[in-house]
Every structure is written in C-alpha cells, then in structure tokens.
Number of protein chains: 2
Amino acid sequence: MSRKITVAGAQLGPIQKAEGRDEVVGRLVRLMEGAHRRGAEVVVFPELALTTFFPRWYEEDINNADHWYESALPSNATAPLFDAARRFNIGFHIGYGEIVHEPDEGGVQRKRHFNTAVYVHPTGEVVLKYRKVHLPGHRDFDPKRKVQHLEKRYFEVGNLGFPVVRAPVGQAGPVNIGMLICNDRRWPEAWRVLGLQQVELVMLGYNTPSTNQDAQGFEAHHLRVEHSHLSIRAGCYQNACFGVAVAKAGTEDGCELFGNSIIVNPQGQIMAEAVTWDDELIVADCDLEQCELGRNSIFNFAAHRRTEAYGRILEQTGSVAPDEWKPGDKPNG
Amino acid sequence: MSRKITVAGAQLGPIQKAEGRDEVVGRLVRLMEGAHRRGAEVVVFPELALTTFFPRWYEEDINNADHWYESALPSNATAPLFDAARRFNIGFHIGYGEIVHEPDEGGVQRKRHFNTAVYVHPTGEVVLKYRKVHLPGHRDFDPKRKVQHLEKRYFEVGNLGFPVVRAPVGQAGPVNIGMLICNDRRWPEAWRVLGLQQVELVMLGYNTPSTNQDAQGFEAHHLRVEHSHLSIRAGCYQNACFGVAVAKAGTEDGCELFGNSIIVNPQGQIMAEAVTWDDELIVADCDLEQCELGRNSIFNFAAHRRTEAYGRILEQTGSVAPDEWKPGDKPNG
C-alpha cells in the first residue's frame, strides 16, 4: 500500500474580538472546501481557531471568560464543520478553548479549562485529543505589558501527556499522528516524547505575536519567524516525522501575529510556506516512508540514545548553576 | 565587568593517515598563533584533532590501534601546543582519542578507550574533560560499506555525563563552559543537559562525512551541512548559549568530510562560518549577557518545563509503536 498522503495547512487571518463563531466556522468550511479541491485528505487549522486569541484580554473572574471556550464539540455553532468533513471525506485538526467537567489531580470533580486540539475523522469521530502542556505567558494582570498574555491564567497545564495514535488518514492507511500546540514547538522534550512513539505526522497550531514584549531591545523582531521555523524543522529532523504548523496570523484586536505556516518533511525541509498573513492554504504530498530513514539510521533511538546520561532532564525542572573551577582544581571542578 | 569574550574556531583540513603528530601539532600552533593575532581568548580545535579519523580503519584487535590514541596530555608530541597556549595566554579545546587505565563499571581496573575532548587553561591545566556519549557507526566490520565507521568498536560510551564548569575564560571572568562531540550535536537531550547547568559556551568538534552511506538514495547529500547547522542552531537557541562547532574537513584518506564550521549565538544566528574545507580560522565576539534573555524569558526552565510529561525520555531508550485507533474507539485509542 502506498504511504503517501496529501496534507493541508489552513492558516487563518485574524479573528477580531467581535467576530462570531458562525462567521469563523464559515471561513473554516471555505478553507476545508479549498483543501478538498486541492486533493488534501487532512486539513490542519490553528490553535484557538474559533475565537480571537482571548488570553490577551484580562478577566478578574475567569468564569466571565467562559464564552470563549467550547463545552461541546460539535456544538450548534461548529456542526457545519463536522458536516463539511463528512461531505468532503476529509479529516481535520482544530484547536479551541475547552471547558470540561472532570476530576482534578486531587480527585475533585470541577469545571476545568484547557487549551486543546483534536483530530477528527471524516465520520466526525474524535481520534486524538491533546491539551497544551507548555503554557507561556503569565497568570496575573501585568501592568507593565501593553498587551496581556494570560495563558497561565486561562488554562490548566494539559493532563493528557503527548499522545500518539495510529489511525486511518486518507488513502495512506494507518498513520502515527501526534500534536503540539504553539509554544510546545520550542521544547525538544515535547518532540522527543512524540518521537519515542514513532510519530509520523505532527499537527501543530499557533498564535504567535510578531514582537516579544519580554525582550524589547534584546531580541530582533525579524528573528521571530526564524525561531519558529528553526524549532519545527529541528523537531521534524531529529524525530524523523512530518510537521504541519499552522498560524492564526495578521492584526487581531490591534495585535500583530505572524503567519508563515509551514509543512516540513523528516529531513527538516520546508515543503510549503504561507506567504500572506491571512486565510491561506498550503498543501503538500507527504510520503510517510521517508520517516523510516531517520528512524532506522542516524536517529535509531534504540541503537544510539544513552538515557543514563539524561537524568537531569527529569530530575530538574529549572537550571542550576555549575560548580566553579579555579586554577589548582582538578578537571571538572 | 564586561562579559564579552572573543572566541575562535580553528577548523582543520584533512590529516592523512601517514601524517605525524609533530606535523599536526605544528598546524595547530600556527592556527593558535593566528587566533591570538585576531584577539581570540579561546580557540576550539575539532574532534580527534591529532590524527586522521581512524575509526574508518578496521583492526581485528583494537589494541593494534593504540597508536592513534593519547595516553598522556601533554606528551612530548603535544607539548608545543601547551607551550604556545602559555605564550599567547589563550585557552584551547581539543579532541583526541584517549587511553586511560581506570576501573570499568564493574570495578575492574583496565585499559579503556574514549573519544575525548578537554578545555585547557592558558596555564596548561585541564579545566574540563568530556568523553563522547553518542557514538555513531557500528562495532563490527561491515562488508557492505566502502568505508568503515567503527566508533562503536574503538570507543566506550563516555562515562563523565555532560559536565559544565564555571571557569575563567579570557577577560570575561568566569564562563559556564560545556562540550559536545560530533554526533552529540544532533541529540537535543545532550544540549538540554548542558542547558540545565546554565551553559553559556558549548565547544564542539566534529568529523562528518559529506555523504551518508546508510542513506544512499534517500538523504540528499546537499542537506548534510544543513542538518549539522540546524541541530547546532536549535541547540543554542533552545538553551540560550553560544556554540563553537569546528570541523576536520576535506578529503582525508580518500574520504570527504565537510567543513562549514560555525559560531552561533543564543538567538541561533550564525555569526561566523568557515568557507574552505581546509585549515581556517573563524572568530567572533560573544557577549555572554545575551544568554540571559532566553534563560529568563521563553526558556525560563523553572517557569515553563513540565517534567511530569517527559517520562518517556528516560523510561524508554528505543521508540515504541503507538496504539491503533479504529472507528468506534474512544479518543486516544
């Protein structure tokens, strides 16, 4: 059986605060139709694809922000997307704010909020659900910032790990699929946990400001896109997988998000890149057999990884200062 | 105190099998003198910098290969390098085959072989020693290969972890220095263990063939340099450190090694790159304060890392196939 699939990234332009879900879902359906017309068997929408990037808006009581989240998927508002997937026989990935009633780590049933993504089979069944692990930003209102970035306020840390499943995608038969969300892409630990499960296709949505307010005067803004691409390309190369990384882009509520969505192969090459910061499709044919090369040679993990030397990765969360060496000391302090 | 240092990478052209250590050390001293003239306070020589890349030559009894290793550093042959370091007041990094008599993991004293690098203070004292952890290649003669790659035969896996020390380097005062060797650079685990020790300057030598015999017909040869740069740039960016990555290059014993040595900043930018595949210096001024930006914002590990989601990185060496999802299953299989 051929292991080729055609994948699409459906970049979104901005979603303004006032834009309703019905309008957004209309845009998603039009992009899905375009993806179908270009032969795609799966289409990847970005992180928080149904609303504006609401963590920039502060609410003292986060329950007042519940209208930004989905408590059911599909809902009346999102049903047309599921209908279109059935009609076009296309799987889709979408990110959204999730409200769920489930026990917390202490076993107490309560309302919980996550930054979530799902991969949906053309039948409408949810194949894979992931909740964002690496939440950037801050928890409390920061008076020094012109724009807030309250992901640590609005979302709990994802509690599903980095799951991978082998699931039917298009004509390729089963594909090992996994997900990351936005900031996760900068963390090689996240890619590696996927790679250790033989991931072949990583679906990844993001909303990334084109300037870094934490780094004024230090970080050149023109490097922001490059850092995103660098992390995704390294993640794909070092884990021998394809990546479909899709932005919400453009000026949203006065804040600029970069676009430059890409599809990357296991050699770390960019196969397709969005050139606008608006609704835009990118499409590529991915031969999943290419994942075998890295997995069986340079990145044959069983042959080459040395876990006995990696202890600090789990033993420490933060970094620690090294010992000091002074003249007269033995090597290595 | 300024935290600026001037660092040099001293790329080497080929060292043929017949070339003696005296001749090689003469080349190293000339490069060191050039580095001094260009204001460098530290110079980085490549992996196995004193000999040809001997793991391409098979010996049934590896003791017959002992002449490729150093059992003392400095030795009569390498003393001129240490003398030059004192004369120029310059620290240096060098890779070499190390023979050492020490207890093995079972406590038995014996002769052991490692692929080793040291950083040497201008006084001639060894500040930091590292033994290569990620050995590529194979252990036994492979009749399918035109050229052998017997690192797994000639070296034991390094047993010093990924050490970092804070040591005086040039005018910058103490600098957090660490090392990787060649194939280590492709492994984000290795970079992260250094980053978790607040490494600021990673010294890294390599000998990398410009074609991959394991991947004929799959991996485009023109991507070999790009993969090296991609891994180094991602490692520097994601761990907020400078990297000095230095090749032995050119056609050695009929085998082509790529050059393209680079100095990279914590933004993942290439500050200097070698343009020949021969003896060549690259030099850059590195402001170590730039390491603070990443370490205190995007890559503030204490604030953002989620070790509870990273378990597989230590629990598994090799990858495992994911569970299969079939229509009718719950999400995540």
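Inter-chain Cβ neighbour count for A:194-203, averaged per residue, equals 3 (cutoff 10 Å, partner chain atoms only).
Report Rg(Cα)/(2.2 N^0.38 Å) for the stretch A:135-222, keeping two decimals.
1.38
Can you bin chain A into rounded, prolate or oblate? Criterion: square roots of the alpha carbon gyration tensor eigenvalues sorted a ≥ b ≥ c, rounded for a/c under 1.5, prolate for a/b above b/c, oblate for the rest. Oblate.
Determine the alpha carbon to alpha carbon distance for each of A:LYS330/B:LYS132; A:LYS17/A:LYS248; B:LYS4/B:LYS248; A:LYS248/B:LYS326; B:LYS111/B:LYS152; A:LYS17/A:LYS146 and list only those over 22 Å.
Working: A:LYS330/B:LYS132 20 Å; A:LYS17/A:LYS248 14 Å; B:LYS4/B:LYS248 27 Å; A:LYS248/B:LYS326 31 Å; B:LYS111/B:LYS152 16 Å; A:LYS17/A:LYS146 17 Å.
Going by Cα-Cα distance, B:LYS4/B:LYS248; A:LYS248/B:LYS326 fall outside the 22 Å limit.
I want to verify a result. In a Gaussian network model of chain A, Cα cutoff 10 Å, which of these has the top mean-square fluctuation: A:ALA35, A:ALA247, A:ALA84? Among A:ALA35, A:ALA247, A:ALA84, the largest GNM mean-square fluctuation belongs to A:ALA84. Stokes-Einstein, applied to the Kirkwood radius of the stretch B:59-115 over Cα pairs at a viscosity of 1.002 mPa s and 20 °C, places its translational diffusion at 161 µm² s⁻¹.
Take B:GLY328, move 7 Å from Cα toward the beta carbon, and the resulting point lies 7.7 nm from the same point in each other copy, nearest first. Here the stretch A:128-264 is assigned +1 on the Cβ of each Lys and Arg and -1 on the Cβ of each Asp and Glu. Its dipole about the Cα centre then comes out at about 240 debye. Histogrammed with a bin width of 5 Å, the alpha carbon distances of the stretch A:288-333 distribute as 5, 15, 12, 12, 14, 14, 12, 7, 5, 3, 1, 0 percent, first bin at zero.
Ratio of Rg to Rh for the stretch A:1-121: 1.02 [Cα atoms; Kirkwood radius as inverse mean 1/r over pairs]. Among B:SER75, B:SER228, B:SER319, the largest mean-square fluctuation in a Gaussian network model of chain B, built with springs joining Cα atoms closer than 10 Å, belongs to B:SER319.
Taking label positions 7 Å along the Cα-Cβ direction at both B:ARG38 and B:ASN76, the computed distance is 3.4 nm, reported to one decimal.
Is there a quick way to get the dipole size of the stretch B:4-315? I mean about its Cα centre, with the Cβ of Lys and Arg at +1 and of Asp and Glu at -1; what is the value in debye to the nearest 20?
On the way: 33 positive and 40 negative charges, 96 e Å.
In total the dipole reaches around 460 debye.
Result for chain B in a Gaussian network model with C-alpha springs under 10 Å: among B:MET203, B:MET271, B:MET32, the largest mean-square fluctuation is at B:MET271. Charge dipole of the protein assembly as shown (Cα centre as origin; +1 on each Lys and Arg Cβ, -1 on each Asp and Glu Cβ, all else neutral): 160 debye, rounded to the nearest 20. Straight-line cross-link reach from B:LYS144 at under 15 Å between alpha-carbon atoms covers these aspartates and glutamates, not counting any fewer than eight positions away in the same chain: B:ASP214. The residue list B:ILE94, B:VAL164, A:LEU28 was ranked by how far each Cα lies along the charge dipole of the protein assembly as shown toward its positive end, using unit charges on Cβ atoms, and B:VAL164 comes out on top. Toward the positive end of the charge dipole of the protein assembly as shown, with +1 on the Cβ of Lys and Arg and -1 on the Cβ of Asp and Glu, the farthest Cα among B:ILE262, B:PHE53, A:ALA302 is that of A:ALA302. Across chain B, the longest piece that holds none of the trypsin sites (Lys or Arg not before Pro) lying in DSSP loops with up to 16 other C-beta atoms within 10 Å covers B:147-333.
With a/c under 1.5 counting as rounded, go ahead and sort the protein assembly as shown into rounded, prolate or oblate using the C-alpha gyration tensor (a ≥ b ≥ c being the square roots of the eigenvalues; past the cut-off, prolate if a/b is larger than b/c, else oblate).
Values: a/c = 2.18, a/b = 1.73, b/c = 1.26.
It is prolate, given that a/c is not under 1.5 and a/b is the larger ratio.
Checking the a/c ratio against 1.5 first, then a/b against b/c, what shape does the Cα gyration tensor give for the stretch B:254-333? Walk me through the intermediate numbers first.
On the way: a/c = 3.57, a/b = 1.66, b/c = 2.14.
Judged from the Cα gyration tensor, the stretch B:254-333 comes out oblate (a/c at least 1.5, b/c at or above a/b).
No lab work stands behind these numbers, since they all come straight from the coordinates. Just so it is clear, the model here is predicted, and its values are computed rather than measured. Methodologically, a virtual Cβ is constructed for each residue, glycine included, from the backbone with ideal geometry; neighbour enumeration extends over all protein chains shown.
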